[in-house]
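Take a look at the structure set out below.
Just so it is clear, none of the values below were taken in a lab; they were calculated from the coordinates. For clarity, every value in this text was computed on a predicted model and none was experimentally measured. Please note: Cβ atoms are built from the backbone with ideal geometry, for glycine as well, and neighbour counts cover all protein chains shown.
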Amino acid sequence: MSEKDQQNQIQIELTEDVAQGTYANLAVITHSSSEFVLDFIRIVPGVPKAKVKSRVILSPEHAKRLLLALNDNISQYERIQGKINLDGGSVGDFTPVGQA
């Protein structure tokens, strides 16, 4: 690795509380001309109210980079684990279905 590459490296810190993650089973995505907003929500079956657990705001360029990175990771996952089944759902169909 060259000296210039070493100078351009970013050290990313992952704190213990963030490393635990936040579970979400619903994502709502909205956008304006200058940003994309991703709200991650946890729906509990039988409960008519849910809270946004996390919100991520991205520039259009970073949203597209995220799309490409997700596509790449899903392709790698499906090569190893098999195709992900959406149970007949379509893009934009995020209606939660409660099961006991």
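Selection within the range 16-36: residues that are under 15 Å from the mean Cα position of the chain (by Cα) and of a type in the set (Ser, Thr, Tyr). The member of this set that is farthest from Lys53 (Cα to Cα) is Thr30.
Here the strands (runs of 3 or more DSSP E) wholly within the range 1-82 that include at least 1 residues being surrounded by 11 or more Cβ atoms within 10 Å (Cβ to Cβ), touching a Ser or Thr at 6+ places or on another chain (Cβ under 6 Å) and of a type in the set (Gly, Ala, Ser) are 52-58.
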